[in-house]
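Peer 1: Starting off with a structure, shown below.
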Amino acid sequence: MGKESRARVLKDHQAMAVARNIRVSPRKLNLVAQQIRGKKVDSALNVLTFSQKRIAGVVKKTLQSAIANAENNHDLDVDDLVVAEASVGKNLVMKRFHARARGNAGGIEKFFSQITIVVEEKREEKKEEAKPAPTKGKAKSSAKKPAAKKAQSAKKPAAKKEAA
């Protein structure tokens with residue numbers, strides 16, 4: 001008798017992974033998330049692998065989880081996956097204090113954040129068919145312009161000689 005399953009939030013060609021309680025501020029995590037938004041999955045993994053940011057490893061692990069969800073749970077092709085969404089949100093904030101002069105205290109806030117990565121299957125069709133083939137018989141208009149300038153420049157010195 002159990003509980004009814006929730007309706008699927010994403011479309012059929014999408015998969016998602018969420019990492020929660022990441023010990024970094026949302027501003028810093030968003031810098032890493034910006035680097036992978038809209039990229040193909042393999043290039044996004046390369047960017048995260050060679051990133052200098054400490055948190056890039058956690059983001060890479062989350063992206064790999066989203067790829068595994070797409071492949072195993074939704075039967076999507078890994079080669080056609082694109083990072084459709086990488087959103088960052090705030091999570092809990094630990095409040096601490098630091099002793100200051102004359103018995104005062106200074107507040108310290110330790111931010112946590114979460115990241116949601118949605119990957120989407122996009123099949124790339126051949127774009128070569130849409131481009132028209134260049135014709136060899138026609139001369140380009142840009143080739144005519146320099147020849148016209150040369151003819152004008154040749155006439156100007158002759159005009160100066162006549163005036164002198």
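Peer 1: The conditions are (1) modelled with pLDDT under 95; (2) closer than 18 Å to PHE111 by Cβ, and ASN73 fails exactly one of them. Which is it?
Peer 2: That leaves (2) as the condition not met.
Peer 1: Tell me the residue from LYS28, LYS39, LYS11, LYS53 that is closer than 14 Å to GLY89 by Cβ and charged (D, E, K, R), please.
Peer 2: Answer to the selection: LYS28.
Peer 1: While we're looking at this one, here's another question. Which of the residues that make up the stretch 75-111 are out of contact with any Asp or Glu (no Cβ under 9 Å at 6 or more places or on another chain) and touching a residue at least 24 places away in the same chain (Cβ under 8 Å)?
Peer 2: ALA86, SER87, VAL88, GLY89, LYS90, ASN91, LEU92, LYS110, PHE111
Peer 1: Are there any pairs with C-beta distances below 9 angstrom linking a residue in the stretch 56-74 that is more than 18 Å from LYS122 (Cβ to Cβ) to a residue that is small (Gly, Ala, Ser) and in a helix (DSSP H, G or I), with the two at least 6 apart or on different chains, and if so which?
Peer 2: If the second residue must be small (Gly, Ala, Ser) and in a helix (DSSP H, G or I), the pairs left are VAL59/ALA33; LYS60/ALA44.
Peer 1: Just to verify a result, which residue in the stretch 64-102, among those that are in a strand (DSSP E or B) and over 27 Å from the mean Cα position of the chain (by Cα), is nearest to SER113 (Cα to Cα)?
Peer 2: Ranking the qualifying residues of the stretch 64-102, first place goes to VAL93.
Peer 1: Can you say whether PHE50 is touching a strand residue (DSSP E or B) at 6+ places or on another chain (Cβ under 9 Å) and loosely packed, with under 12 Cβ neighbours inside 10 Å, as far as the supplied structure shows?
Peer 2: no
Peer 1: Pick from the stretch 75-125 the residues that are among the β-branched types (Val, Ile, Thr) and surrounded by 17 or more Cβ atoms within 10 Å (Cβ to Cβ): which of them is farthest from LEU63 (Cα to Cα)? Outline the logic, then answer.
Peer 2: First pass over the stretch 75-125, keeping only residues among the β-branched types (Val, Ile, Thr): 78, 82-83, 88, 93, 108, 115-119.
Filter once more, so that each one left must be surrounded by 17 or more Cβ atoms within 10 Å (Cβ to Cβ): 82-83, 88, 115-119.
Values: VAL82: 11, VAL83: 9, VAL88: 13, ILE115: 10, THR116: 9, ILE117: 6, VAL118: 8, VAL119: 8 Å.
Once the filter is applied, the top-ranked residue is VAL88.
The values are calculated or read from the model by the stated rules, or taken from the named source; none is laboratory data. This one's a predicted model, so the numbers in the text were calculated from it and none came from an experiment. In this analysis, Cβ positions are derived from the backbone assuming ideal geometry, glycine residues included, and neighbour counts consider all displayed protein chains.
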